Amino acid sequence: MKKHDKNRNVAIIGIGQTTLSSHKEDQNQVEMVNEAVKNALADANMTLDDIDCIVHGNMELFEMQFQPDMWHALDCGSYGKEEFRITTGGTVGATLVCASDSLVASGQYDTVLCLGFEKLQEGNTTGGITNMADPLWFRNLQTGALTSSTANEMIKEFGKERVLRAAMKYRIMIDKHAMLNERAHRRLGLEYDQLENLMETSPQLVGDLRLIHMCSQSDGACAMVLTNEDRVKKGTAKPPVWIRDHETSHRGENMSNLYGAQKPKSTHRDCAEKLFMRNGITNPLEYFDVFEMYDPSAFWGLDWLREFLLLKDDEVLKLMEANEFDLDGKLPVNPSGGVIASNPIGATAMLRPAEAALQIRGDAGGHQIKKEVRHALASGFGGTLWTVMLMLEKELNW
Amino acid sequence: MTCKCEDIKDCFVIEARMALPNQYFVGRIGSKWIIAMRDKKKLTGLKCDKCNITYVPPREHCNKCGATIADNWVDVGTTGEIVNFTIVNYNDKHLPKKAPYILGQIKLDGADTPLTHIVADVDPADVHVGMKVKAVFAEGPVNTLMQLDHFEPV
Amino acid sequence: MAEFFGTTVADIFNTMPKRFKPEASKGVDVVIGYDCGGEGGGKWKLTVKDQAARIETVEGDLGPCTATIIASDAETFIGVTLQKIGAIDALSQGKMKVIGDTRMLMTLLPQIFVQYTVPAKKTEVTARGILSAIGERFRPDKAAGVTLKYGYDLTGEGGGQFTITIANGTCTLKEGLDADLAVKMTMEAATYVGMMTGTIDGAAAFTSGKVRIDGDMMAAAATGKYFDKYVDPNAEEAEELLSLKKITSINQRFATGPVMGKWFAGLREKKLLASVCPVCRRTLILPQEICQFCHVRTKEYVELGPEGYVTNFDLVYFASPDPLSGEVRDTPYACAWIMLEGATPEDAFAFEIKKEDLPKLKIGSRVRPTWAEKPTGSFRDILYFEIID
């Protein structure tokens, strides 16, 4: 087991989001970024003078804007400060938090502001994603993030009817959560009695993947303020949320090699195993009170829960069928509505720990879980096989 | 690591192209600024009364004190002074003009921040810091920064 | 008729011929049925063929259509058309349905029709009103040293004859046409109003014969610059938000290096080559220099296939742009993962399946590549994989 100790503990003390919508025509990029930064600073009751370093990121190629960090310098507050730019694809938001955590934990900076954003309406997302494939091969075959390969695998394992029903149920559950979150982008008002109708009528995109299963394309930004234990002890505006640990896992395969005769271990399972073993978590389903998961589609959401929670056989389907991922279930999943409801990609993976932290603080508003949230899990996903996980805690007692 | 001789025979260079449609939302403030040039042939800016700074191009908030100044529009002059410049001497399909051309930073009368734009109708040898210039607007609707076509000497 | 968002369903269809772009519809041959329920709804049929569009109202059955778009009510239909309601939301909520080829809705229609906009509210602007206030818009600085007399002969409702004189830095207007005009412009009063309020393009009106110019053409062209642009005083001040649209096109060159290069060299001989990890014996396809698990350099190559079987596939209905050409791909098409003979179990190879074979494509199908006549060492050397059982 690799050493993953921190020099000092790190807490999230400020969270700022913009609303998430399909079009932000009235705000340009810098103005949108500034809104998130201002909200995060207000939440922390701080000014830019309290920030030592800015960590900035989004997914390159989505706005076709070169070096947005330079353009945003005045508006994200990095002018005159140190700044890092990070871009790791879909995971970028989560990686920004991990990097900020490490920067504070190392002792190099006391207080760091991280910022993730995207204006997906300004670019061509599927076109952008296909460009991540090998330029010499496969780029012309790629379908972006749209794939039914996971649906195919699940159907092979559990049967078509059961999988399609469970995936649509997951989708409707997510919408019910999003309906409670005022900031969420797509809030459709779906009901469970529409399940069969949606399974037939929603337009097919790829194989069994239908339009309704897929995440949205959103505009929005998220910013967070992280600081060290000593600073927290001097008092904070809002209760601190501690970042206990984080882990990143990836593999070298290209999309074109994925589905051989033998399935390799997923990066999600690999990441979860490392993180839980290091922290002595033997039953994640019991330990965590909420999971904000990066779920780009209903099939992925369902399949990945199995991997992240280290479930066996059809346990994940049983839990889904028994409503255990609802807000009052065993482990509430994506109370915010998750990625399917709102997906400004560069901010998406930061919204996961941000929303998880709001749950711990009890500040989530309409989508706050009723029972106390002490231990939260958040994940990010990107590339073909790139997973980031973060563990958040209410108390500094592990 | 350098390639061994026998390796190089299998090295290819593949020509490729990437074509992606995209758009940029100028935003409420940017739109107002360009529309004032288009419809009124006027240059405007946003002013922070507290810091007494007028921003051209307009900015939503004061970069000094951080106050939101989105509604505090003021007119600035269509004339100003070159505070810095460079001469572009190479041609590229992505550049707005054929070389050589002058890219100047112009501090408009009444503004406190310089605006970068093309300076035309002057020999590159004659352009200098402190030169007085005036704005020349495009005739038809352009709806970009090029609604202000260029600056020329007064 | 029921009005939503300031317009009706009928107006959307009535303006279709005007909004049609014949030049963008080359080779398009479709019939699209529309069925809009509720008050203000109805049925329409659009036929696009030979670069012409015909729209008709339909009573009863729509008959055979390439695609049918069904909206539950007029508000949904108008809202989606105006992009006030998200198409994806309407589709997801079941308020809108598409039967047949969904590409119509997503890619084809926006290409061959100009986006519908709500017709502007009628305002009290008249030609006489615009001209009587012309002095207020006059720019003496622009007209310094200019002496020009020109006239408008405005016909039809609200028309009249006017002479404008620019001299000594002033501008005067009088009714009637003087004999010594430098130029006279004749048009319908409504055309003049349209040009001034921006609904009619001046150059297009002239080209299409809506405006006749007698006299000095250059003087006519110059008149605009002596005045500020006319601002319609009655028009609602709708907030105009600008956006900049472009296609960023970048030429690229990629060096294969000697390992990936082996793959392309192999293609020229119709061979699918993988590199082999000397430690774990994995077959890496496309060939890679380093085994990611063993962190050692691969040295040997092995030919895989050419036959294999399908382990998973994506049957694609959603038309996305080909990032290499920017063109929208024909759907459906399938990308399949294939276990080539001799490959290690975790290492599939993905490629497109022959279009004609799609109906029989299933997991387990045996496939083999079909090669281009003369492989040159490019990704176009394999045309597709065909099903052989």
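Nothing in this text is a laboratory measurement; each read-out follows from the coordinates by a stated rule. These numbers were taken from a predicted model, which means no experiment stands behind them. Positions of Cβ are backbone-derived with ideal geometry, glycine not excepted, and every protein chain shown enters the neighbour counts.
Overview of results
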| read-out | value |
| --- | --- |
| Hits among aspartates and glutamates - C-alpha to C-alpha of residue C:262 under 15 Å, sequence gap 8 or more where chains match | B:6, B:7, B:10, C:289, C:300, C:303, C:381 |
| Cut-off 16 Å, label 7 Å out along Cα→Cβ of residue A:330, residues of region A:261-289 by amide N | A:282-289 |
| Whole-percent pair-distance distribution, where bins are 5 Å wide, for the alpha carbons of region A:264-398 | 2, 10, 22, 26, 22, 13, 4, 0, 0 |
| Calculated FRET efficiency for the pair residue C:362/residue A:265, C-beta based, R₀ 30 Å, to 0.05 | 0.65 |
| For chain A, built as a Gaussian network whose Cα springs stay under 10 Å, the top-fluctuating residue of A:95, A:282, A:384 | A:282 |
| Separation in nanometres of the label points that stand 7 Å from Cα toward Cβ, at residue C:380 and residue C:117 | 4.0 |
| Residue C:58-residue A:19 FRET efficiency (beta carbon distance; Förster radius 45 Å; 0.05 resolution) | 0.60 |
| Expected-Rg normalisation [2.2 N^0.38 Å, Cα atoms] applied to region B:24-153 | 1.07 |
| Over 21 Å between alpha carbons, listed pairs B:32/C:21; C:49/C:97; A:318/A:371; A:119/C:246; A:265/C:299; C:97/C:362 | B:32/C:21; C:49/C:97; A:318/A:371; A:265/C:299; C:97/C:362 |
| Antiparallel DSSP beta bridges within region C:9-112, as percent of all bridges there, nearest 5 | 80 |
| Rg followed by Dmax, in Å, when chain A is reduced to its Cα trace | 19.8, 58 |
| Candidate aspartates and glutamates for bridging to residue C:142, where Cα separation is under 17 Å - those fewer than 8 sequence places away on the same chain excluded | B:39, B:139, B:149, B:152, C:228 |
| Paired Rg and Dmax values of region B:1-96, which use every Cα atom, in angstrom | 23.7, 71 |
| Ratio Rg/Rh, restricted to region C:49-149 and using Cα atoms, in which Rh is the Kirkwood radius | 1.27 |
| For chain A, share of DSSP beta bridges that run antiparallel, in % to the nearest 5 | 75 |
| Rounded, prolate or oblate (a/c below 1.5 giving rounded, otherwise prolate when a/b exceeds b/c) for region A:164-280 by Cα gyration tensor | oblate |
| Ordering of B:134-143, C:253-262 by packing [mean C-beta count within 10 Å, highest first] | C:253-262, B:134-143 |
| Inter-label distance for residue A:108 and residue A:50, nm, one decimal - labels placed 7 Å from Cα along Cα-to-Cβ | 2.3 |
| Rounded if a/c under 1.5, otherwise prolate or oblate - region A:306-376, Cα gyration tensor axes | oblate |
| Most fluctuating residue given options A:202, A:22, A:106, as computed from a GNM of chain A linking Cα atoms under 10 Å | A:202 |
| Efficiency of FRET between residue C:24 and residue C:373 - r from beta-carbon atoms, R0 56 angstrom, step 0.05 | 0.95 |
| Residues of region C:209-227 with amide N under 15 Å of a point placed 7 Å along Cα→Cβ from residue C:137 | C:221-227 |
| Cα centroid of region A:222-247 to Cα centroid of region A:329-398, whole Å | 16 |
| Pairs beyond 23 Å (Cα-Cα), from A:160/C:354; C:270/C:354; B:50/B:132 | A:160/C:354; B:50/B:132 |
| Ranked list, fewest to most other Cβ atoms within 10 Å of each Cβ, for A:381, C:349, C:379, A:84 | A:84, C:379, C:349, A:381 |
| Rough spin-label spacing in nm, given labels placed 7 Å along Cα→Cβ, for residue C:271 and residue B:49 | 8.1 |
| Under 25 Å from the Cα of residue A:6 - lysines, other chains or at least 8 residues apart | A:81, A:233, A:234, A:238, A:274, A:394 |
| Alpha-carbon centroids, region A:99-136 and region B:38-61: separation in whole Å | 32 |
| Projected-area mean, chain C, by convex hull of Cα positions, square nanometres | 30.0 |
| Burial ordering of A:297, C:132, A:149, fewest other beta-carbon atoms within 10 Å first | C:132, A:149, A:297 |
| Relative exposure of C:355, B:42, judged by other C-beta atoms within 10 Å (fewest first) | C:355, B:42 |
| Peptide A:119-126 - average C-beta neighbours from other chains (10 Å radius) | 5 |
| Prolate/oblate/rounded call for region A:296-340, Cα gyration tensor, a/c under 1.5 rounded | oblate |
| Inter-chain Cβ neighbour average for residues A:26-39, partner chain, 10 Å | 4 |
| Cα-derived Rg over Rh, computed across the protein assembly as shown with Rh taken as Kirkwood radius | 1.00 |
